[in-house]
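The values are calculated or read from the model by the stated rules, or taken from the named source; none is laboratory data. In this text, all values refer to a predicted model and were calculated from it rather than measured experimentally. Quick reminder, even Gly has a Cβ in these numbers, built from the backbone with ideal geometry, and neighbours come from all protein chains shown. Keep in mind that these areas ignore ligands, DNA and RNA; they rest on the heavy atoms of the full protein, side chains included. Shrake-Rupley method; radii C 1.70, N 1.55, O 1.52, S 1.80 Å.
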2 protein chains.
Amino acid sequence: MAKLDSVPAPTLRRFPNYLTLLKQHLQDGQSHISCTHIAQDLDMTAIRVRKDLEMTGVVGRPRVGYPILPLVEAIEQLLGWNEPSRAILVGAGNLGSAIIGYAPLGQMGLKIMGIFDNDAHKIGTRIQGQTVLTTEQMPEMIRNHSIDIGILTVPEKVAQEVADSMVSAGLSAIWAFTPRPITVPEGVVVERVQLAASLAVLMGRMLEEDRRVPARAG
Amino acid sequence: MAKLDSVPAPTLRRFPNYLTLLKQHLQDGQSHISCTHIAQDLDMTAIRVRKDLEMTGVVGRPRVGYPILPLVEAIEQLLGWNEPSRAILVGAGNLGSAIIGYAPLGQMGLKIMGIFDNDAHKIGTRIQGQTVLTTEQMPEMIRNHSIDIGILTVPEKVAQEVADSMVSAGLSAIWAFTPRPITVPEGVVVERVQLAASLAVLMGRMLEEDRRVPARAG
DNA sequence: GTCACACTGTTAACCGAATCACACTGTAGA
DNA sequence: TCTACAGTGTGATTCGGTTAACAGTGTGAC
């Protein structure tokens, strides 16, 4: 039985990596896999893999490893990827379209129920087979289809406003691609994808490397 | 003078947040700002702000706060955002186009020097005013224009291959949007943007919340 | 049957980041 | 000039996640 303890965020972040690897080995016909093997494939230490898998409650056997199928099922259950969650996307710009087109979204238990924008030029157009609706129709959609997750890819200026109307319509989780934080009431979960933060880490480390080995002089 | 100690990754990640806030206050005509104020605006603790700003080497004054302009300059220097870095993007699909169209890229010191793809349908088309070139032309471009950063938005299958040819052409940093890790030699910096990981955290926490307050049943 | 050992499960040590507590400083106000 | 105090700077503490160390276990080989 899976533990009900809260899973640390770093572990949650690594779960998808395990999933893709496990599914691949499953397709190759294997039924068990050892954490040493997983660690090698994903370039991490065996201990960390063991610790992460411990969260699933699945037990392994000496000289055999962990049973893959139960692992996959346990992880998917911990992530809620075993059954589809209903989601909407607001902001059908470049980024929004890219997210919608991101193939493995379906494998992650996400079902896009609607796409919204307030740009007259975009309303009525189709993205990946779905018609773009006006933002005004959003709250109704959230209520009538009991949407769980809102994907926020609107420009900075209206981000907070849209988030507010999402929350007041009953959404419980927001996946935000906004450069600045948004504030939500207690109980609503927000996860931000910060491209700027990621780039900052990349360039910061790059400068550090250059400083350590000054091969190229600016 | 800014410290040359390595800046912790979490701090690097927060720097862009400070930057946008600071620039905004600068535009509003303010010359100084206190960490308490910053903390309130960004919904974090004052202590953490102070610790982060400590890395810049800029000193604040009691009852006045930190001088904004030096702060901005110090942070941009630590991130290498003060002068443009030359970058290329490989993989002109949905995601690639979205990245190219991501407005603040220029403010982050990134100058896109070329866009590459190996899909015959895309080669020759224009994205944000730039013509898509064939992947074969990439190494030449890297060498001739001393490109620093490669943005990797290709499908999973060719990711490692493209990364390899980037590295062998002399790139020193890769910003990868690939679902699986890529391996590079020592000295090359890789930063992955993992959409799946982010979504995993969101949904994991959502389930936790539901478990804690079981308002909605299945 | 029994032996070796690959691999797991668990407790303890470690480390870095976040947080706390508090001394210090110099400005603003009287 | 003096005082109060907002706000900084810093050493000590806590905390969570990673790593290490080691005991336990049951499979596969002989």
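You will find that of B:V72, B:V90, the residue that is modelled with pLDDT of 95 or more, touching a Gly at 6+ places or on another chain (Cβ under 8 Å) and away from chain A (no Cβ under 12 Å) is B:V90 and no other. Considering only segment A:62-69, I want to know if a residue exists there that is under 25 Å from B:E156 (Cα atoms) and over 15 Å from the mean Cα position of the chain (by Cα). Within segment A:62-69, one or more residues are under 25 Å from B:E156 (Cα atoms) and over 15 Å from the mean Cα position of the chain (by Cα). Looking across segment B:68-98, the residues that are surrounded by fewer than 16 Cβ atoms within 10 Å (Cβ to Cβ) and touching a residue at least 24 places away in the same chain (Cβ under 8 Å) come down to B:L69, B:Q77, B:N82, B:E83, B:P84. Screening A:T20 on (1) open to solvent by 60 Å² or more (accessible area, probe 1.4 Å); (2) farther than 30 Å from A:M138 by Cα; (3) within 11 Å of chain B (Cβ to nearest Cβ); (4) within 16 Å of DNA strand D (Cβ to nearest atom) shows it passes everything except condition (4). On inspection, B:D119 qualifies as open to solvent by 10 Å² or more (accessible area, probe 1.4 Å) and modelled with pLDDT of 95 or more. A:T56 falls short on exactly one of the conditions (1) among the polar types (S, T, N, Q); (2) open to solvent by 30 Å² or more (accessible area, probe 1.4 Å); (3) under 18 Å from B:M206 (Cα atoms), and that condition is (2). The residues on offer are B:G93, B:G114, B:G129, B:G101, and the sole one that is of a type outside the set (V, I, T), within 26 Å of A:A92 (Cα to Cα) and over 21 Å from the mean Cα position of the chain (by Cα) is B:G129. Within segment A:52-67, residues that are within 16 Å of A:A39 (Cβ to Cβ) and aliphatic (A, V, I, L, M) reach partners that are part of a helix (DSSP H, G or I) and within 7 Å of DNA strand C (Cβ to nearest atom) with beta carbons closer than 8 Å, at six or more positions or on different chains, in the pairs A:L53/A:C35.
For segment A:36-85, which positions are among the hydrophobic types (A, V, I, L, M, F, W, C) and either within 11 Å of DNA strand D (Cβ to nearest atom) or part of a loop (DSSP other than H, G, I, E, B) (or both)?
Scanning segment A:36-85 gives A:A39, A:M44, A:A46, A:I47, A:V49, A:M55, A:V58, A:V59, A:V64, A:W81.
Would you point out the residue of segment A:29-49, among those that are open to solvent by 10 Å² or more (accessible area, probe 1.4 Å) and in contact with a Gly (Cβ under 8 Å, 6 or more places away or on another chain), that is farthest from the other protein chains (Cβ to nearest Cβ)? Residue satisfying both the conditions and the ranking: A:H32.
Residue by residue, here is whether (1) in contact with a helix residue (DSSP H, G or I) (Cβ under 8 Å, 6 or more places away or on another chain); (2) crowded, with 23+ Cβ neighbours inside 10 Å; (3) under 22 Å from A:F15 (Cβ atoms) holds:
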| site | (1), (2), (3) |
| --- | --- |
| B:E156 | no, no, yes |
| B:A159 | no, no, yes |
| B:D164 | no, no, no |
| B:L199 | yes, yes, yes |
| B:M203 | yes, yes, yes |
| B:D210 | no, no, yes |
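When B:I142, B:I149 are checked against the criterion of being in contact (Cβ under 8 Å) with a residue 24 or more places away in the chain and more than 8 Å from chain A (Cβ to nearest Cβ), B:I142 stands alone in meeting it. Residues that are more than 22 Å from A:N94 (Cβ to Cβ) and open to solvent by less than 40 Å² (accessible area, probe 1.4 Å) within segment A:171-189 comprise A:L171, A:S172, A:A173, A:G187, A:V188, A:V189, listed in sequence order. Using the structure shown, decide if B:P181 is in contact (Cβ under 8 Å) with a residue 24 or more places away in the chain and of a type outside the set (A, V, I, L, M). No; evaluated as a whole, the condition is false for this residue.
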